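A quick write-up on the structure given underneath.
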Amino acid sequence: MSGKSTTIFIGSDHAGFALKTAIVADLQAKGLTVEDMGTHSLESCDYPEAAHKVCEAVLANDARGILICGTGIGMSIAANRHKGIRAATCTHEFHVRATRAHNNANVLCLGERVTAAGLAMDLVKLFMETPYEGGRHARRVALIEKPFE
Ligand code: RB5
């Protein structure tokens, strides 16, 4: 796994809480260190709050993050406001392989209302295991951060 920290930072809103709970248990059972940044119940809450907390931790620790809401889309929109965060909503193994290898994605976004738990756990495993290819992709990833004129 690239990045300096092996801690995985994870967060959700209420619509992603059940899937987050299942993923945290799965990662811990595999011996990985997970920091659960909330939410901690099914009570309705606002997805950008978890997105911002997880992204700050990912950036501060040069780590990877996982964000889960109903669709995965709100989380990715909020997460991608952070300079240095490359968050991708994925529903398929090919999404995950490509966004790790080509985009060096550091945050995986999932939708509990879209992706079943078994597939979601496979996507998380792939996200943690797939290396960034660099090479021609490095120029493109650098251009993402280029300021607009
Ligand atoms: C919550 O109802 C839902 O809007 C949220 O979880 C997320 O899917 C937003 O993108």
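The values are calculated or read from the model by the stated rules, or taken from the named source; none is laboratory data. Keep in mind it's a predicted model, so treat the numbers as computed, not measured. Cβ atoms come from the backbone with ideal geometry, glycine included; neighbour counts cover every protein chain shown. Keep in mind that these areas ignore ligands, DNA and RNA; they rest on the heavy atoms of the full protein, side chains included. Shrake-Rupley method; radii C 1.70, N 1.55, O 1.52, S 1.80 Å.
Each Lys and Arg adds +1 at its Cβ and each Asp and Glu adds -1 at its Cβ; summed about the Cα centre, region 12-147 shows a dipole of about 680 debye.
Relative to one another, the C-alpha centroids of region 87-130 and region 1-45 are positioned 14 Å apart.
For region 40-100, state which GluC sites (Glu not before Pro) are in a DSSP loop and have at most 16 other beta carbons lying within 10 Å of their beta carbon.
Details: sites: E43, E49, E56, E93; in loops: E43.
In loop regions of region 40-100 (DSSP not H, G, I, E or B), the sparsely surrounded GluC sites (Glu not before Pro) are E43.
Computing the accessible area with a 1.4 Å probe over protein heavy atoms, can you report the carbon and sulfur percentage for region 1-120? About 54 percent, which is the carbon plus sulfur part of the accessible surface.
Across the chain, the volume of the C-alpha convex hull divided among the residues equals 99 Å³ per residue. Divided by 2.2 N^0.38 Å, where N counts the residues, the Cα radius of gyration of region 1-61 comes to 1.12. Ranking G70, C90, A15 by how far each Cα lies toward the positive end of the dipole of region 1-103 (charges on Cβ) leaves C90 at the top.
Rounded is the label for region 25-111, because the ratio a/c of its alpha-carbon gyration tensor axes (a ≥ b ≥ c) stays below 1.5. Note that region 36-149 presents 54 Å² accessible area per residue, ligands and nucleic acids not counted, probe 1.4 Å.
Please give the net charge around I85, taking every other residue with its beta carbon less than 13 angstrom from that of I85, where Lys and Arg add +1 and Asp and Glu add -1.
Numbers: positive: K53, R64, R81, K83, R86; negative: E56, D62, E145.
Value of the local net charge: +2.
Full extension of the chain segment joining D122 with S41 gains 26.8 nm, where the gain is 0.36 nm per residue of separation less the Cα-Cα distance.
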